[in-house]
Amino acid sequence: MNLESTLEALLFLSSEPLGAEALADATGAELHEVVSSLERLREHYEFERRGLVLRELAGGWVLSTHPDAEPAARRLLARPRTPALTPAQAETLAIVAYLQPVSRPEIARIRGVNAESAAATLLERGLIEEAGRSQFGAVLYRTTELFLKLFGLNSLEELPEPSEFDPAPELEAELRERLLQAGEARAGA
Amino acid sequence: MNLESTLEALLFLSSEPLGAEALADATGAELHEVVSSLERLREHYEFERRGLVLRELAGGWVLSTHPDAEPAARRLLARPRTPALTPAQAETLAIVAYLQPVSRPEIARIRGVNAESAAATLLERGLIEEAGRSQFGAVLYRTTELFLKLFGLNSLEELPEPSEFDPAPELEAELRERLLQAGEARAGA
Amino acid sequence: MRIADLELDLDVFAGPFDLLLTLVLREEIDLLEVDLAEVVIAYIDHLEERGELELEAATEFLVLIAALLELKSRLLLPGEEVEELIELDPGEAAEELLARLLDAHRYRAAATDLRERLAAQEGHRFRSAPLPPSLRRASLAQAGAVYDPALLGRALGGLLQIPEPVDVRHMVGSRVTVAERLAYLRALLRRGSFSFDEAVTRADRVTVAVTLYALLELYKQGELDWSQDEPFGEITIEPGRRIGVLSPAGTSERLTA
C-alpha cells in the first residue's frame, strides 16, 4: 500500500488533528515524504471533488466532510434519535420514571441485573439526567423534559397508574419496597 | 456535489452501518441510484487502491480502513484493534449466536460451567445484549449489530449451519463406547 | 488422564468414575445418595496431585458431572416427569449424557470458527469519532410524542411480578450436621485459603448457618484464621498458624456427637 493511502487510513481513524511527525513515526516514512503525500491527498480530494476535505488545523492534519454534504448529513443525523427502546432500556426508564430520584445500584437491585449500558444510552439520548447524589454517594437519576415530550405527557402525574399493571393490588406496600422485593426474589431465582 | 461524494461524506460521519433506504432519504435520491453509487464508490476505493474499504455489513454500508494500513494504525494508536476472545467467551458467544434468544442458565447447561463472567465481558464489549426475559424471569441474550460488524457478517444467515460443527462420527462412536461399553465391561468384571 | 480412570472413595461407592456412571445408569446406585460435590473435590484433588490440567478431559468431566447434577435435580422434583425418568433405561440415560457431550463439542467447534472469523477481520478498523452531542439526541423543540406511556407501565408491571417460588415441600429437609461441615471445611483448608462465599456456594440457609458454626469451632481450635476488610465484605479463610498450640482435644467431637 502506498504512503498516500496509508495516511488516508490513519486520518480516517483519528478524530483529532494528526501532526506530520506522528504520521512519519507511524508509517516509518521521512517527514518530507509524509508532507508531500498529505499535500497530494488534499489535492486528490479537491480535484476529484470527493465528499471529504483534508485540512491543516491546530498544527495537524484532519479529515472532515465537504460542506456541500451538510444538508444531507443533517437530514441523516439530526432525524430524531428515537429508536425503539430495548426491554432493558424500557425497564430502566420505568424505574427512573416511577421512583425518581433513584440511584443506579437501586435500579440494578430491582432489575436483578446490571443497568449500566441501558442507563448510559438513556442519558445520551437525553431521556434521563443526573439529579445529585444519594447519601451514600451514588449518582441519582430523574427523567427530563425531553422524556415528557417524547412520551406525550404533560407531567409525571400522567404516567399510567401502577395499579393498572399491578399483579397484587391488595398489597399496600410502597412501590419502591415492592420493586426491591421482587428484584431480590428474581436475583435469588 | 454528486451523489457518490455525498454518500462518501455520510459514510464518513457514521460509525454504524447505514442502510441504502436511510441514505436515499437523506440525499433525496432514488434507492436504485443510491445502490449503484455505493457500488461505484466501493469500486473506486478498490481500483484506486485507496486506504479505505466500503463493505456491506450488519445489513448496511460501512467504511473501514484497508487491512494493509494495520501496522501503521497499530503504531499510531498504540493499541490492538479488538482483543481476541478467550475460549470461554467464544463458546458463550457461539451459543448466543446460534440459539438466540438464549438465557444464561441454558448457556451454562450447554457449556457445563458457569457463563457469568464470559457473558458479562461480552455484554460490556457490546457483542451481546439483553433481549427480554424467559418465562422463568431469566434474562435472555442475543447478538448485536456490533457483533455482525466486527465479525465481518452482513447477517446471521452468513454463519455456517450448526450441523457443520457436528463431531466426526468416529468421535461420536468413541464417546458412546466410552460411556456405555467400557462401563458395562467393568461392571460385569 | 482418562476420566474413566478417576478413582473415587465416596460414602456410597468406591471405584473408578466410569463404573459409578454405569451403576447410576443401571440404577444399581441411587443417584440421590451420591454426593456429587465429593466427586468434584476428588477430581480436583486428583488434578492437583498430577499438577496438570488436560483441557479435553476436564471439559468432558465438567459436562458429565453437570449432566448428573441435572438428572439428580430432576429426580428431586415431584410429578409424572420423575416416573418417566426413573423408568428411563440405562441406554436412554446414556444417550442423554452423550447428547450433552456432543452439544458441548459442537459449540466448542463453532467457537473456534468465530475466533477465526474475528481474526480474519483483523486490520479492518472503523471510524469511531463521536457525533457532536447535539446530534445524539432529539431536539427538545422538535420532539413529538413517539413513545407510548403504556410501555413504561408494562415494564413496571413486569418488574413487580414476584417469580413463582420453587415448590420444595417434597424435598427432604436438609440434614446437614456440624460434623459434615467440619470435614468439608478441613478438606477445603488442606488446599489453602478460600472465601466464605466459596464455602457456601448454592448452599441453603441452614447449611450456611451450620457452616458458620463449624468455622467458629475451627477458629476456636486454631485450625483457621479469617479476615474481613469491611462490614459485609468478603470473608477470607486460611489455614491457621496455631495448629498444635491449643489442645488437640477440641470440642468438635462433642458438639457433633
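Every number in this text was worked out from the coordinates using simple rules, so none of it is lab data. Quick caveat, the model's predicted, so the values are computed rather than measured. So basically every Cβ, Gly included, is an ideal-geometry build from the backbone, and we count neighbours across all protein chains shown.
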Checklist outcome for this item: Most exposed first, judged by fewest Cβ atoms within 10 angstrom, C:24, A:96, C:176 run C:176, C:24, A:96
Item to check | For the range A:87-188: relative contact order, % (alpha-carbon pairs under 8 angstrom, 6 or more apart) | outcome: 30
Next on the checklist: For the range A:3-76, what does the relative contact order come out to in percent, with C-alpha contacts under 8 Å and a separation of six or more?
Outcome noted: 33
Next on the checklist: Going by amide H atoms built from the backbone, whose H comes under 5 Å of the H on residue B:102, apart from near neighbours?
Outcome noted: B:141
Next on the checklist: Give me, ordered by chain and number, the residues 5 or more places off residue A:113 or on other chains with an amide H under 5 Å from its own placed amide H.
Outcome noted: none
Next on the checklist: Let me check I've understood the local charge: for residue A:153, count other residues with C-beta under 13 angstrom from its C-beta, Lys and Arg +1, Asp and Glu -1. What total comes out?
Outcome noted: -3
Next on the checklist: How would the range A:3-76 be classified by its alpha-carbon gyration tensor: rounded, prolate or oblate, with rounded meaning a/c under 1.5 and the a/b versus b/c comparison settling the rest?
Outcome noted: prolate
Next on the checklist: What does the C-alpha gyration tensor say about the overall shape of the range A:87-188? Classify as rounded when a/c is under 1.5, otherwise prolate if a/b is larger than b/c, or oblate.
Outcome noted: oblate
Checklist entry - Over all residues in A:42-52, what is the mean tally of Cβ atoms on other chains that come within 10 Å of each residue's Cβ? => result 4
Item to check | Karplus-derived HN-Hα couplings along the range B:2-13 (A = 6.51, B = -1.76, C = 1.60, θ = phi - 60°), whole Hz, x at Gly and Pro | outcome: 6, 4, 4, 6, 4, 4, 4, 5, 5, 5, 5, 6
Checklist entry - Using Cα pairs under 8 angstrom and six or more residues apart, how large is the relative contact order of chain B, in percent? => result 16
Next on the checklist: Please state the shape class of chain B: rounded when a/c is under 1.5, otherwise prolate if a/b exceeds b/c and oblate if not, all from the C-alpha gyration tensor.
Outcome noted: prolate
Item to check | Fewest-first ranking of A:130, B:172, using other Cβ atoms within 10 Å as the exposure measure | outcome: A:130, B:172
Item to check | Position residue B:83, label points 7 Å along Cα→Cβ, spacing to each other copy in nm (shortest first, one decimal) | outcome: 2.5
Next on the checklist: Placing the label point 7 Å from Cα along the Cα-to-Cβ direction, what are the distances from residue A:15 to the equivalent spots in the other copies, shortest first, in nm to one decimal?
Outcome noted: 0.6
Checklist outcome for this item: In the range B:64-123, the GluC sites (Glu not before Pro) that sit in a DSSP loop and have at most 11 other Cβ atoms within 10 Å of their own Cβ are none
Checklist outcome for this item: Distances in nm between the label point of residue A:156 (7 Å along Cα→Cβ) and its equivalents in the other copies, shortest first, are 3.8
Checklist entry - Do the sum for chain B: with -39,500 (n - 2.57) for every DSSP H run of n ≥ 4, divided by all residues, what is the mean residue ellipticity at 222 nm, to the nearest 500 deg cm²/dmol? => result -15500 deg cm²/dmol
